[in-house]
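Notes to accompany the following structure.
The values are calculated or read from the model by the stated rules, or taken from the named source; none is laboratory data. Predicted model, so just to flag it, every value in this text is computed and none were measured. Cβ placement follows ideal geometry from the backbone for every residue including glycine, while neighbour counts extend to all protein chains displayed.
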Amino acid sequence: MSRSAIRDRLRRLHEAEQAAPLPSTLPEFPRYADLVEQFKVELERVSGVFLDGRSPELLRQALERVLADAKAGEIYWESEDLFAKHGIPCELRDSEAFKRGRLVRSDHPVRQVQFPLNLHSHPYNRATLASLTISVSSAACGIAETGTVLETTGPAVGRLLPVLAPVHVAFLRRQDLLMNHADFFSSVKLGDAESYLVLVTGPSRTADIEKTLVLGVHGPQKHYVVLTE
Amino acid sequence: MIEIRPQIRSALSDSQLQKNLRVTLGKTATARQQVIAEVANWEELRRHAHQVKAHTISRLGEYLQQLEKNVMAQGGNVVWADAGREALDYIFQLALKKDIRKVVKSKSMLGEEIRLNEELERNGIEPIETDLGEYIVQLGHEHPSHIVMPALHKSKEQVAALFVEKLGMTPTDDCEKITATARRTLRQHFLSARMGITGVNFGIAETGTIVVVENEGNARLSVSVPEVHVAIMGLEKVIPRAADLSVFLKLLTRNATAQKISTYVNLINGNRRPGELDGPSEFHLVLVDNGRTRILADEFLRQTLYCIRCGACLDVCPVYQTIGGHAYHSTYQGPIGAILTPQLLSVEEAPEHPFASSLCGACYEICPVKIEIPHILLKLREKVQDQKSARASRLPLERWGLQAWSWIMTSPGRYAVTNRIARTLARMFARKGRNRMPPLSAWTKSRELPELAPKTFRELFKEEGRES
């Protein structure tokens with residue numbers, strides 16, 4: 001009913017009109033010589049933590065740092081693909097762990113990462129998701145202009161893992177780092193494959209009380225980005 | 001008819017409110033100036049955004065249908081609602097069918113506009129506001145006083161007192177502790193509510209994507225945890241292309257909160273797909289008109305619909321800075337509220353809003369999509385006056401006065417003579433800024449009349465001409 005009424009009204013309004021054209025090009029966006037440096041500066045500006053993981057040793061140190069900061073002994077991984085994609089030296093002890101629809105955890109009793117990772121799995125359910133401390137996911141890409149990473153859903157990847165945990169780690173490959181938002185929005189294929197994408201820049205924040213900045217109001221309080229090769 | 005004068009008077013005498021406004025707005029203005037100064041082509045970005053909006057609004061029907069088609073192709077449902085009532089009924093029916101008794105809500109101005117919370121409550125559904133500012137306002141049974149910072153009118157001591165009373169928080173004035181209390185309480189609601197309702201910042205026609213911009217993660221949780229996601233969107237929020245979002249985001253987040261980008265930009269393409277581990281099983285997009293096509297009918301006034309709700313015009317407005325948001329007694333406050341309210345309702349319903357402005361133009365200067373707010377205010381004032389005179393068929397005195405005025409002003413000679421008479425009278429009756437002759441003395445009781453210059457402009461002009 002309303003659908004056709006509104007559409008008719010709109011059609012009548014626009015009939016006689018010449019529409020001003022859409023601009024054919026985007027205004028210029030900033031470009032940077034050193035993408036990694038720009039990304040790091042911007043991420044740190046919004047209280048995010050940048051960690052270089054571009055060698056097995058650096059990667060180990062990065063994960064140790066995350067565990068130590070959170071005083072935690074376990075990490076939840078988003079998917080098996082993440083290990084291959086980011087070159088995490090890991091010989092999976094329990095390949096059963098990565099069956100679709102399972103939550104995969106690695107234990108680090110002394111808060112030190114040891115490869116290969118010791119993997120366990122849990123049924124993927126909300127109660128477990130709500131109780132975890134550190135979640136790790138793989139960023140589809142990054143944007144240097146603002147220190148942003150793109151997180152997406154996908155096959156065997158949901159929306160909850162990266163947002164419920166108080167500590168989140170996004171792994172980002174150097175080759176997936178884009179220059180600016182114009183590059184990102186001109187190339188991204190929204191809606192083709194995934195039902196949900198989110199641009200994340202730093203930890204959750206609010207300034208609703210007297211403009212005083214407080215981190216971690218709903219989403220993660222700590223936000224790490226580990227850059228991999 | 002909405003009367004705003006009494007509210008304005010009480011706001012002016014509320015010293016706590018005056019202090020809260022000063023604290024918050026001062027911080028925002030400085031930060032915004034800095035972050036805008038970093039952008040070399042700010043003007044070009046504003047022009048681009050203006051052009052995209054102008055184009056879209058003049059082809060609104062086509063783009064909305066494209067958006068609808070693409071959302072439905074992804075498995076979402078799209079509903080068109082003429083008035084707020086229809087949107088509300090659709091949401092109630094949906095909740096009823098699934099026996100949903102609680103919804104988590106993320107910030108939506110449209111939700112305020114159609115009184116979503118009150119109506120949900122009346123229908124036995126508990127709405128939980130999850131944006132911290134909105135939650136504070138909801139706990140205090142108030143309305144937001146700012147488009148972007150809903151609880152701007154409250155000090156942290158006032159918020160703490162509210163949390164102690166309503167949530168049993170241990171007394172503290174530490175913002176971190178107050179926020180942690182909100183996180184704990186609201187997380188439980190997120191995990192138990194089965195419907196999430198969000199607003200929409202942009203709807204991208206070419207991809208069927210709903211964009212929700214936020215900092216806290218509450219919108220992200222609202223679209224991720226519950227089994228049903230309902231997005232309510234004003235018709236004007238559609239944009240044709242994803243690429244332009246780069247420009248809109250840059251303008252919106254800098255203007256709204258002085259950030260280069262907000263923490264989360266949620267890009268939603270319908271409900272959970274096969275193979276995805278979680279996410280809502282249903283997605284509903286409710287397109288709401290509620291007076292928007294009426295605004296569209298006027299080719300000049302329709303630019304009001306370009307607004308992307310950044311709230312910057314409120315912060316820079318000397319009137320808003322003085323009276324705060326509640327005095328406007330409307331969903332939308334400040335300069336944008338002064339032009340939107342009388343148009344969404346009607347000028348008869350909100351005749352005082354267009355006059356709540358000094359026409360200084362700061363709102364236009366800051367507007368990211370270059371809405372000519374001062375001109376629109378004038379146009380609306382004209383409408384209000386037209387209506388008044390149509391009703392009262394104009395007092396004879398006013399009519400004669402205006403006829404005389406027009407007779408004098410249309411001839412240089414008559415103007416000069418009248419000027420001389422007026423100056424002589426003024427010298428006789430006005431002394432030191434006070435006019436002693438009633439009824440004019442009433443006017444100068446609270447204002448000073450400027451001293452008359454010894455010579456008129458015309459006299460000076462003649463003399464200057466002789467010298468050079």
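Things to note:
- Among the residues of region A:198-215, those that are crowded, with 24+ Cβ neighbours inside 10 Å and either charged (D, E, K, R) or not in a loop (DSSP other than H, G, I, E, B) (or both) comprise A:V198, A:L199, A:V200, A:R205, A:T206, A:D208.
- Any hit, region B:231-241, residues being within 24 Å of B:K105 (Cα to Cα), touching a strand residue (DSSP E or B) at 6+ places or on another chain (Cβ under 9 Å) and facing chain A (nearest Cβ under 7 Å): no
- Residue within region A:162-179 that is in contact (Cβ under 8 Å) with a residue 60 or more places away in the chain, surrounded by fewer than 24 Cβ atoms within 10 Å (Cβ to Cβ) and at the interface with chain B (Cβ under 8 Å from one of its Cβ atoms) present: no
- Any hit, region B:166-174, residues being under 30 Å from A:V198 (Cα atoms), at the interface with chain A (Cβ under 10 Å from one of its Cβ atoms) and free of Cβ contacts under 8 Å to residues at least 60 places away in the same chain: no
- The listed residues are A:L227, A:L190, and the only one of them that is more than 11 Å from the chain's Cα centre (by Cα) and assigned to a strand (DSSP E or B) turns out to be A:L227.
- Elements of type helices (runs of 4 or more DSSP H) contained in region B:360-468, each with 2 or more residues being modelled with pLDDT under 90: B:373-392, B:396-409, B:412-429, B:440-443, B:457-467
- Counting residues in region A:75-93 that are more than 29 Å from A:G158 (Cβ to Cβ) and within 14 Å of another protein chain (Cβ to nearest Cβ) gives zero.
- Scoring A:L22 on the criteria (1) more than 14 Å from chain B (Cβ to nearest Cβ); (2) over 25 Å from A:L160 (Cα atoms) leaves a single failure, condition (1).
Results for (1) under 30 Å from B:K97 (Cα atoms); (2) facing chain A (nearest Cβ under 8 Å); (3) in contact (Cβ under 8 Å) with a residue 40 or more places away in the chain; (4) within 19 Å of the chain's Cα centre (by Cα), shown as yes or no for each residue.
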site: B:S262; (1), (2), (3), (4): no, yes, yes, no
site: B:G270; (1), (2), (3), (4): yes, yes, yes, no
site: B:E276; (1), (2), (3), (4): yes, yes, no, no
site: B:G279; (1), (2), (3), (4): yes, yes, yes, no
site: B:L285; (1), (2), (3), (4): yes, no, yes, no
site: B:T293; (1), (2), (3), (4): no, yes, yes, yes
site: B:F300; (1), (2), (3), (4): no, no, yes, yes
site: B:I308; (1), (2), (3), (4): no, no, yes, yes
site: B:L314; (1), (2), (3), (4): no, no, yes, yes
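- Unique match (being in a helix (DSSP H, G or I), in contact with a Ser or Thr (Cβ under 6 Å, 6 or more places away or on another chain) and over 18 Å from A:L160 (Cβ atoms)) among A:A72, A:A68, A:A97: A:A97
- Taking residues in region B:243-258 that are more than 7 Å from chain A (Cβ to nearest Cβ) and part of a loop (DSSP other than H, G, I, E, B), and partners anywhere that are among the small types (G, A, S) and buried (at least 23 other Cβ atoms within 10 Å of the Cβ), the pairs with Cβ atoms closer than 8 Å and at least 6 places apart or on different chains are B:D244/B:A49.
To keep it simple, each residue is scored yes or no on (1) more than 20 Å from B:E214 (Cα to Cα); (2) more than 10 Å from chain A (Cβ to nearest Cβ); (3) out of contact with any Ser or Thr (no Cβ under 9 Å at 6 or more places or on another chain).
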{"residue": "B:R85", "(1), (2), (3)": "yes, yes, yes"}
{"residue": "B:I100", "(1), (2), (3)": "yes, yes, yes"}
{"residue": "B:M109", "(1), (2), (3)": "no, yes, no"}
{"residue": "B:D131", "(1), (2), (3)": "no, no, no"}
{"residue": "B:K156", "(1), (2), (3)": "yes, no, no"}
{"residue": "B:K177", "(1), (2), (3)": "yes, no, no"}
{"residue": "B:R184", "(1), (2), (3)": "no, yes, yes"}
{"residue": "B:H189", "(1), (2), (3)": "no, yes, no"}
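- Here B:G203 fulfils each of the conditions (1) under 28 Å from B:N77 (Cα atoms); (2) surrounded by fewer than 24 Cβ atoms within 10 Å (Cβ to Cβ); (3) more than 11 Å from every other protein chain (Cβ to nearest Cβ) apart from (2).
- Some residue of region A:140-147 being touching a residue at least 12 places away in the same chain (Cβ under 8 Å), more than 8 Å from chain B (Cβ to nearest Cβ), within 30 Å of B:E129 (Cβ to Cβ) and surrounded by fewer than 24 Cβ atoms within 10 Å (Cβ to Cβ): no
- Any chance B:V79 is in a strand (DSSP E or B) and within 12 Å of chain A (Cβ to nearest Cβ): yes
- Among residues of region B:22-37 that are closer than 15 Å to B:G324 by Cβ, those with a beta-carbon under 6 Å from a residue that is part of a helix (DSSP H, G or I) at least six positions away or on a different chain give the pairs B:L25/B:D315; B:L25/B:Q321; B:T28/B:D315.
- In region B:140-162, the residue that is nearest to B:A338 (Cα to Cα) out of those that are surrounded by 17 or more Cβ atoms within 10 Å (Cβ to Cβ) and among the aliphatic types (A, V, I, L, M) is B:I147.
- Among the residues listed as B:I4, B:I91, B:I36, the single one being surrounded by 15 or more Cβ atoms within 10 Å (Cβ to Cβ), touching a Phe, Trp or Tyr at 6+ places or on another chain (Cβ under 7 Å), away from every other protein chain (no Cβ under 11 Å) and within 25 Å of B:L344 (Cβ to Cβ): B:I4
- Within region A:94-120, the set of residues being touching a His at 6+ places or on another chain (Cβ under 9 Å) and more than 14 Å from every other protein chain (Cβ to nearest Cβ) comprises A:D94, A:A97, A:R105, A:S106, A:D107, A:Q114, A:L117, A:N118.
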